[in-house]
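The values are calculated or read from the model by the stated rules, or taken from the named source; none is laboratory data. As the structure is a prediction and not an experimental result, all values here were calculated from the model. Cβ atoms come from the backbone with ideal geometry, glycine included; neighbour counts cover every protein chain shown.
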């Protein structure tokens, strides 16, 4: 019987036939797809004809169609709807895939063909996009270790395989810790909890098979619990569990995994001739060097820490006025900060939340995309991988643009966080294909589902990534959509967050879940006035994580991971009542793969640009200015990685920005 993953998908929009795929299809599909990809690579590397862009670079672009299908389906479900079998397959597949791609980059005959083209690049009469693809292909081979021979080559392959195993184990350990822990609340334990949180906790209790409400380690539950619970003892229990993910001893402990990962990354960098892993990893980014990253982060850290310390003193005074002696602790910050926000801004999140319905915020994101880029969204009924998922066809002027899938609710089978991925990226070679894009979040399910303001911002953030994929207009998939420098990829997503704060957007789509009434103007004014409230805390917890990531990768691996983390924070003067957003044992961005390793700073690098980029609309005195939105699409959103990111930004804005706009946007400017 034909494997449903490998057969031609005669389905609406060419979507994977999720209703016919079983976990048992993945292993044979991967085996067949890997064999087909090897045959493609062998045909290219053994070609006796003189290397040309068509028979080498374009042939590489066309290779591995079946493998792309298998991996697109598997990693979608493995991240968003894991099962014990899928976790087992992930552990099995990770080293296989690492070995497969290491074999390609160590193929001397193939690298010789790429190198010959690179040497003749100025005579090949390439388009600008083709020249960029050739440069990136050659650079990727070199940075992957092409040209290594003998023992260094063998060792590089072993390192890549082991790193793949470690990254998979790290992510699965973290998922297990988040899935297994919960705090059951008796009647005396719910003091201060608003109705929306109690409803969500009761639903979580039902999922866990207990009669009482429970708090899990889902951010959408634990963050509001820390914000509203009057029970300081329970806040401490919950916070300590949240902070200890990946560091609980036993089989799910990630500390040894993270340390071995640092050691292997350092060895990998040394084999390639670099002093340290951060120097190696940052070379192709906009920032370029660890020194440039450190300078940016410290430029923000200093005013952010000063603000946080002022806030810490104010919150400590509030706590002591409540009769609690001793210093403010990490499990106290959100609780007293919420009380202070009510006092200073007359803004109670429990009153705000009914106005932020998930469905309405999705509508708002769609409506902004329609006004800016002419996109229309029509919900469609297609087989998806989980009942929670929804799908929309995206069109413009009646023509199909993309399929967009939203998977918004937390569940035990889903890893934490929020992300955007493409099951299929836009391309025109070797055939025209439109994107299939997924936004995955972890919001608490409800009827209707209600969001915090930060959650609503996440809806817009991830949809900004989706727009980067949907509006891509390039020839080659390798430079399509979000295939850009890591410290540029967050620009479209963070820029799109600004439209949530446009008053006319909230006034139209922030409607009360029970009454349907529009958010009152005085509440809307308070929301916008409080947009930078507690920004010292938010900035410090983020920048601390980014600096720990940088310093751990910019030096020799430490003897003890947690000691090194503590020393870095001590040198920074970390405020005692603020924890890192991501401590090393649960820092999935950095250790569950190397997508953000040495590069967690990229959110802030992109924020420097997004704060300045939205200024183009402010200069036009219209957040939906058609000329500005057209230039934004033409220069950034449609271009993917077909040009250098700094060139794309200058084409849009006329110059590169400084850090001043970021500090002003965060309310941290002097």
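Collect the residues in the stretch 133-142 that are under 25 Å from the mean Cα position of the chain (by Cα) and either surrounded by 17 or more Cβ atoms within 10 Å (Cβ to Cβ) or not in a helix (DSSP H, G or I) (or both), keeping them in residue-number order. Those that are under 25 Å from the mean Cα position of the chain (by Cα) and either surrounded by 17 or more Cβ atoms within 10 Å (Cβ to Cβ) or not in a helix (DSSP H, G or I) (or both): 133, 136, 137. Which of the numbered conditions does residue 255 fail, given that it passes all the others? Conditions: (1) farther than 27 Å from residue 595 by Cβ; (2) assigned by TED's automatic domain parsing to the domain that holds residue 545. Every condition holds for residue 255 apart from (1). Condition check for residue 646 on (1) assigned by TED's automatic domain parsing to the domain that holds residue 495; (2) surrounded by fewer than 19 Cβ atoms within 10 Å (Cβ to Cβ); (3) over 26 Å from residue 269 (Cα atoms): one failure, at (3).
Before we move on, is residue 85 loosely packed, with under 15 Cβ neighbours inside 10 Å, touching a residue at least 12 places away in the same chain (Cβ under 8 Å) and not assigned by TED's automatic domain parsing to the domain that holds residue 479? Taking the combined requirement at face value, the residue satisfies it.
Return yes when residue 68 is outside the structural domain of residue 110 (by TED's automatic domain parsing) and either more than 24 Å from residue 166 (Cβ to Cβ) or modelled with pLDDT of 95 or more (or both) and no when it is not. No: the conditions fail for residue 68. Test residue 149 against the criterion of being modelled with pLDDT of 95 or more and closer than 30 Å to residue 283 by Cβ, and give yes or no. Answer is no for this residue. The criterion of at least 1 residues that are touching a residue at least 24 places away in the same chain (Cβ under 8 Å) and farther than 19 Å from residue 460 by Cβ is met, among helices (runs of 4 or more DSSP H) falling completely within the stretch 480-579, by 486-497, 521-529, 535-553, 561-572. Checking the structure you have, find out if any residue of the stretch 449-463 is touching a strand residue (DSSP E or B) at 6+ places or on another chain (Cβ under 8 Å), in a loop (DSSP other than H, G, I, E, B) and over 15 Å from residue 603 (Cβ atoms). Yes.
Residues that are at pLDDT 95 or above, closer than 30 Å to residue 502 by Cα and not assigned by TED's automatic domain parsing to the domain that holds residue 507 number at least 3 in the following helices (runs of 4 or more DSSP H) confined to the stretch 303-413: 330-345.
Restricting the stretch 245-279 to residues that are without any contact (Cβ under 8 Å) to a residue 12 or more places away in the chain and in a loop (DSSP other than H, G, I, E, B), the residue that is nearest to residue 548 (Cα to Cα) is 275. In the set (1) farther than 30 Å from residue 116 by Cα; (2) in contact (Cβ under 8 Å) with a residue 12 or more places away in the chain, the condition left unmet by residue 153 is number (1). Would you confirm whether any residue within the stretch 308-315 is out of contact with any strand residue (DSSP E or B) (no Cβ under 6 Å at 6 or more places or on another chain) and closer than 24 Å to residue 158 by Cα? Within the stretch 308-315, none of the residues are out of contact with any strand residue (DSSP E or B) (no Cβ under 6 Å at 6 or more places or on another chain) and closer than 24 Å to residue 158 by Cα. Just one of the listed residues (117, 193, 148) is touching a residue at least 12 places away in the same chain (Cβ under 8 Å) and part of a helix (DSSP H, G or I), and it is 117. Under the condition of being surrounded by 19 or more Cβ atoms within 10 Å (Cβ to Cβ) and over 22 Å from residue 75 (Cα atoms), the residues counted in the stretch 378-395 number 1. Number of residues in the stretch 199-223 that are assigned to a helix (DSSP H, G or I) and either within 13 Å of residue 449 (Cα to Cα) or in contact with a strand residue (DSSP E or B) (Cβ under 7 Å, 6 or more places away or on another chain) (or both) equals 11.
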